[in-house]
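The values are calculated or read from the model by the stated rules, or taken from the named source; none is laboratory data. Because the structure is predicted, anything quoted here is derived from the model rather than measured. Cβ placement follows ideal geometry from the backbone for every residue including glycine, while neighbour counts extend to all protein chains displayed.
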Amino acid sequence: MSERPPISPRSPRAALEPEQVPPPPKRSDRARNPFVIVGNAIITLLLISMIGAGGVYYYGRQVLEAPGPLKDDKIVNIPQRAGKRDIAETLNREGVTDVNPWIFIASVAALKASSDLKPGEYSFQKNASLRDVIGTIVEGKVVQHSVTIPEGLTSEQIVARLSDNDIFTGSVRELPREGTLLPETYKFPRGTPRDQVIQRMQQSHKRVLAEIWDRRSQDVPVKTPEQLVTLASIVEKETGKPDERSRVAAVFTNRLKQKIKLQSDPTIIYGLVGGKGTLGRPIKRSEITQPSPYNTYVIEGLPPGPIANPGRASLEAAANPARTRDLFFVADGTGGHAFTETYDAHQKNVAKLRAMEKQIQNDTVEPAEDAPPPAAAAPTAADTPTATTPRPNQQKKPPAARPANPAPARQGAAQPTPPVIQR
C-alpha cells in the first residue's frame, strides 16, 4: 500500500482564508506587438463592412428588382435640364416609382448611370421595376410620334401644319421652296425643332428624287429633276386615285411632246393664290385667260416651278407614265376619269357627265311648296364660274362647270391647241 502524505492540521483561521490562485500567464511579446493589434482591428472592420455591404446589396437589389406601382403603361415627359432629384420627383408624381428621391439617386449611382440620364418622353410599362425605369431613361428610347404630311400640299400649307402641331418646338425661319419637301409619314420625338423637321423632309425628297430620276423613262420630255417635280406636282393635283396617276401623267406627257398646252386648272389656282393652295371658290371664266406664269391655258409647256409638293407615287408616275396616246380626260361620275385620244370621243364623255349631273340635280332638288317664282336676272361673270368638273357621287348639287364647248376666244381655226381638258 502506498503511503499517504501526512495531514497537516490547519487552524480555523487559516481554513477560512481563500487559497491563493496562481497569477495568469503573462501575454507573449508577440501578442503585444502593435502591428498585430492593428491587423486584428482591420480584420474586424472588414468583417463588419462585409456584413453591412451584404445587407445593403440585398436591400438594394430588392429595391431595384421589386415591381413598381404603375398599374398601366404610361408615357411620362422628363423635361430638359432636369436633375436626378427632379427626375425622381417626376416619376413619383406620375406614379411610376414610389421610392425616396435619395434612394433613386443612390440607385442611379449604383448602376453607374449618373451622366447618362436623358430628357424626353418615355413609355414605361406596367409594374416596371426601378431598374427598368432607369434603364429606359438611360437608353434614350423616347416615344416617337407619327406625323403624316399629305401629298399635294404647298410648302406654305405644310409649314402651317407643323406650326399647329404642339409636339414640335421653335419656328421655321425660312419658307422652303415649293416642291422640295417629300410628303410622307414621319416619326419624331416630342420637342423636335420645326427647322429640323423641314430639313429631314428636304433630305428625304432629295434621296427619293435621285432614285426616281435615275430610273426614269427616256421618253419623258423633261430635262432636269426639277422639271420632273413640276410635272409630278400637276399630276398630284389632278387626281387622287392611285391607279390613275400614271395615265394622267401620260396625258400631260403626250401634250408636252406634241407642243399642246397642258390646260390644267390647278396651275391657274396656283397662279392666283400661290402657296395658299386653295382658291375657296370655282375658277371664273375671266381667270382662265388671265396671264400668269403658271396659267397653262396661256403658257406653253410646264410652268416655271412646282405647284405643290408631290408624293413618291406621283413622282414615279411622272418619271414612268403609262404608254398611251391619251390627250383628254374627264370625270366619269364614279370618282375616276374617262380618258380619250380624240376630241370627239372626249366630247361624248363630257356629254355623259353633263347628263348624269343633270339627272342627279333633278333627283335631289325638290321645289318648295307655294314658293314664289324667282325674279329674272341677267347672269354675271361671277355667276358663271369656271370650275373643275364635279363628281356626281360626291355632291348633290354641283356648281356650274366649264361648258363642254369652250368659248370662241379659246377655240378657233387659228388656235393650234385642242380645247380645255375637262375634269
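What to note about this one:
- When 161, 177 are screened for being under 14 Å from the mean Cα position of the chain (by Cα), at pLDDT 95 or above and basic (Lys, Arg), only 161 passes.
- Qualifying residue in region 98-112 (condition: hydroxyl-bearing (Ser, Thr, Tyr), assigned to a helix (DSSP H, G or I) and at negative phi): yes
- Set side by side, the residues 162, 153 differ, and just one is farther than 20 Å from residue 240 by Cβ and either touching a His at 6+ places or on another chain (Cβ under 8 Å) or not assigned by TED's automatic domain parsing to the domain that holds residue 317 (or both), which is 162.
- In the set (1) modelled with pLDDT of 95 or more; (2) farther than 30 Å from residue 184 by Cβ; (3) surrounded by fewer than 17 Cβ atoms within 10 Å (Cβ to Cβ), residue 281 fails one condition alone, (1).
- Test: residue in region 171-178 that is in contact with a helix residue (DSSP H, G or I) (Cβ under 7 Å, 6 or more places away or on another chain), of a type in the set (Ser, Thr, Tyr) and over 23 Å from residue 240 (Cβ atoms): yes
- Qualifying residue in region 223-234 (condition: modelled with pLDDT of 95 or more, surrounded by 13 or more Cβ atoms within 10 Å (Cβ to Cβ), in contact with a Lys or Arg (Cβ under 9 Å, 6 or more places away or on another chain) and of a type in the set (Val, Ile, Thr)): no
- Criterion: surrounded by 14 or more Cβ atoms within 10 Å (Cβ to Cβ), hydroxyl-bearing (Ser, Thr, Tyr), touching a residue at least 12 places away in the same chain (Cβ under 8 Å) and under 27 Å from residue 184 (Cβ atoms) - qualifying residue of 155, 107: 155
- Residue 363 meets each of the listed conditions (1) at pLDDT below 90; (2) in a strand (DSSP E or B) apart from (2).
- Count of region 187-212 residues which are surrounded by 16 or more Cβ atoms within 10 Å (Cβ to Cβ) and more than 30 Å from residue 121 (Cβ to Cβ): 2
- If the condition is being more than 18 Å from residue 261 (Cα to Cα), assigned to a strand (DSSP E or B) and touching a residue at least 24 places away in the same chain (Cβ under 8 Å), then region 328-358 contributes 331, 337.
- Lone qualifier among 179, 240 - being assigned by TED's automatic domain parsing to the domain that holds residue 315 and farther than 28 Å from residue 142 by Cα: 240
- Residue ID - farthest from residue 84 (Cα to Cα), chosen from residues in region 132-143 that are surrounded by 14 or more Cβ atoms within 10 Å (Cβ to Cβ) and of a type outside the set (A, V, I, L, M, F, W, C): 141
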